[in-house]
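Enquirer: One structure is given below, represented as C-alpha cells, and several questions about it will come after.
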Amino acid sequence: MAMKPDPAAPGKPSRVFFALWPDARVAKRLDELGAEAHAECAGRPTRRETLHLTLAFIGDVSPQRLAELIAVGNEVGNDVEATSFTLRLDLLGSWRHNRIVWAGAQSCPAPLAGLVERLNGALEAAGFAVERRPFAPHVTLLRKAQMQVSTRCVDPIDWPVDGFALVESVQSSAGAHYRTLREWRAGKGGEGADRRYAGKSG
Ligand code: 2AM
C-alpha cells in the first residue's frame, strides 16, 4: 500500500513570500474598505489579521533554503532607512482573471519600488526564480468576487511602513493562515534588522 505523505515530516516545503504587514489601524481601515467592497461585489473577504501586501512571492521552498531567504532579508533589511516610508492606498479595483478585489495606490512610492527591486535582485543572486511582471502593489480585499469594480479613488489610507517580513502561508479548509518567520524593522532591535518574532497566524 502506498504511504501517505506525513504533513508533519521534516523536509516538508514551505510556501513563502516577503510582505508588508499593516499595523492595527491600517488593517482596520482596509477591513472597512473590504466590507464596502464586499457589499458591492460579494466574494470572500480577507480576514483582517491576514491583510498584507506581497513584495515578492517565492512559493514552495525546502527548509534548507529558508536560511538563504533569511540571508536575502538580512541583506535588504540592513538598509533600514530604505524600508521606512509612507504608502498611500487610495484606489479600489479588481482583476477579472483571478476575481480579486484590491486596494492599491495611484502612485507607488520610490522606496517601495526600490525595496521590491532589491529583494528581487538578492533573490535572483541567490538562485530563486523572481517575478518578471511589473510590480503592482495591492492588498487583496476579496477573493472569488462575483462582481468587478471599475478602478476608482477612495479615501486615502496612509500606511506608515517601517519594515517587512518573510511569511509562510499555510493552506487549510478555512483558508490561508500566515506565520511570520522573520521580520526586519527600522528603528527597532538595535541595528534594525533581523528581529525574530514568535509568529502570527490568522
Ligand atoms: P494575491 O493577494 O494577489 O493573491 C500569499 O499567497 C501571497 O502571495 C498573496 O498575497 C498572493 O497575492 C501572493 N501570490 C500567491 N501566488 C502568487 C504567484 N504565483 N505569483 C505572485 N504572487 C502570488
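The values are calculated or read from the model by the stated rules, or taken from the named source; none is laboratory data. This structure is a prediction, so every number in the text was calculated from the model and none was measured. Note that each Cβ is placed from the backbone with ideal geometry, even for glycine, and that neighbours are counted across all protein chains shown.
To keep it simple, each residue is scored yes or no on (1) in contact with a Ser or Thr (Cβ under 9 Å, 6 or more places away or on another chain); (2) more than 16 Å from the ligand (Cβ to nearest atom); (3) at pLDDT below 95.
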site	(1), (2), (3)
135	no, no, no
138	yes, no, no
150	yes, yes, no
164	yes, no, no
169	yes, no, no
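Enquirer: Restricting to region 136-187, name every residue that is loosely packed, with under 14 Cβ neighbours inside 10 Å, hydroxyl-bearing (Ser, Thr, Tyr) and farther than 25 Å from residue 107 by Cα.
Expert: Correct list: 172, 173.
Enquirer: Also, quick follow-up: Does residue 55 satisfy being within 12 Å of the ligand (Cβ to nearest atom), within 20 Å of residue 184 (Cα to Cα), of a type in the set (A, V, I, L, M) and buried (at least 19 other Cβ atoms within 10 Å of the Cβ)?
Expert: Numbers: within 12 Å of the ligand (Cβ to nearest atom): yes; within 20 Å of residue 184 (Cα to Cα): yes; of a type in the set (A, V, I, L, M): yes; buried (at least 19 other Cβ atoms within 10 Å of the Cβ): yes.
Spelling it out, residue 55 is indeed within 12 Å of the ligand (Cβ to nearest atom), within 20 Å of residue 184 (Cα to Cα), of a type in the set (A, V, I, L, M) and buried (at least 19 other Cβ atoms within 10 Å of the Cβ).
Enquirer: For region 115-126, how many residues are in contact (Cβ under 8 Å) with a residue 24 or more places away in the chain and either surrounded by fewer than 16 Cβ atoms within 10 Å (Cβ to Cβ) or of a type in the set (Asp, Glu) (or both)? Walk me through how you get there before you give the answer.
Expert: Residues of region 115-126 in contact (Cβ under 8 Å) with a residue 24 or more places away in the chain: 115-116, 118-120, 122-123, 126.
Keeping just the survivors that are either surrounded by fewer than 16 Cβ atoms within 10 Å (Cβ to Cβ) or of a type in the set (Asp, Glu) (or both) gives 126.
Of the residues in region 115-126, 1 are in contact (Cβ under 8 Å) with a residue 24 or more places away in the chain and either surrounded by fewer than 16 Cβ atoms within 10 Å (Cβ to Cβ) or of a type in the set (Asp, Glu) (or both).
Enquirer: Run down 37, 67, 82, 71 and say which single residue is in a helix (DSSP H, G or I) and within 16 Å of the ligand (Cβ to nearest atom). Break it down into steps so the answer makes sense when it comes.
Expert: Details: 67 fails: within 16 Å of the ligand (Cβ to nearest atom); 82 fails: within 16 Å of the ligand (Cβ to nearest atom); 71 fails: within 16 Å of the ligand (Cβ to nearest atom).
Going through 37, 67, 82, 71 in turn, just one is in a helix (DSSP H, G or I) and within 16 Å of the ligand (Cβ to nearest atom): 37.
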